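Notes to accompany the following structure.
The values are calculated or read from the model by the stated rules, or taken from the named source; none is laboratory data. All of these numbers come straight from a predicted model, not from anything done at the bench. Cβ: placed from backbone, ideal geometry, glycine included. Neighbour counts: every protein chain shown.
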Amino acid sequence: MPLKLSLKPGEKFVLNGAVLANGDKRTSLVIQNKACVLREKDIMQPKDAKTPARRVYLAIMMMYLDDAANEEPYNEFALRMTEFMGAIQNRTVLAACVDISRDVVEGAFYKALISCRKLFDFEQERLNYDPEELSKRTARG
């Protein structure tokens, strides 16, 4: 099933490990075969993985981009997911974590990424986490 990407001017995306940027006009691309694609808004930098759920997301993203060829991202995912699940008691969120873990084991990394993003809201609620405020505090030292 083809994937259609509609890109804003200057928007970046990763395609099979290559970072590409759109030109100065809005455009659409149709990817006809299976490929690893992440839009700029879905790419997390390691410095931004400051909470447990974001660390889980980063590990899944690395597996997706690396096509699971490396054990290190999987080990990081297993550690971070175990820590996250050990710290929560909400049955719905725990069930979501099990689903994410199942997707990872099955190699459905993009599906796992989408599901993992939903944990951010739960985490923000619980931790009263404001990403911009945390960045400011971290920058101040």
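Consider segment 90-114 and keep the residues that are under 18 Å from the mean Cα position of the chain (by Cα) and of a type in the set (Ser, Thr, Tyr). The one that is modelled with the highest pLDDT is SER101. Flag: LEU29 does not match the condition of being under 18 Å from the mean Cα position of the chain (by Cα) and surrounded by 13 or more Cβ atoms within 10 Å (Cβ to Cβ). Of the residues making up segment 8-26, those that are surrounded by 12 or more Cβ atoms within 10 Å (Cβ to Cβ) and touching a residue at least 24 places away in the same chain (Cβ under 8 Å) are GLU11, LYS12, PHE13, VAL14.
Criterion applied to TYR74, TYR57 was being more than 24 Å from MET1 (Cα to Cα), among the hydroxyl-bearing types (Ser, Thr, Tyr) and surrounded by fewer than 18 Cβ atoms within 10 Å (Cβ to Cβ), and the one residue passing it is TYR74.
Against the conditions (1) at pLDDT 90 or above; (2) among the charged types (D, E, K, R); (3) under 22 Å from LEU7 (Cβ atoms); (4) not in a helix (DSSP H, G or I), ARG117 satisfies every one except (4).
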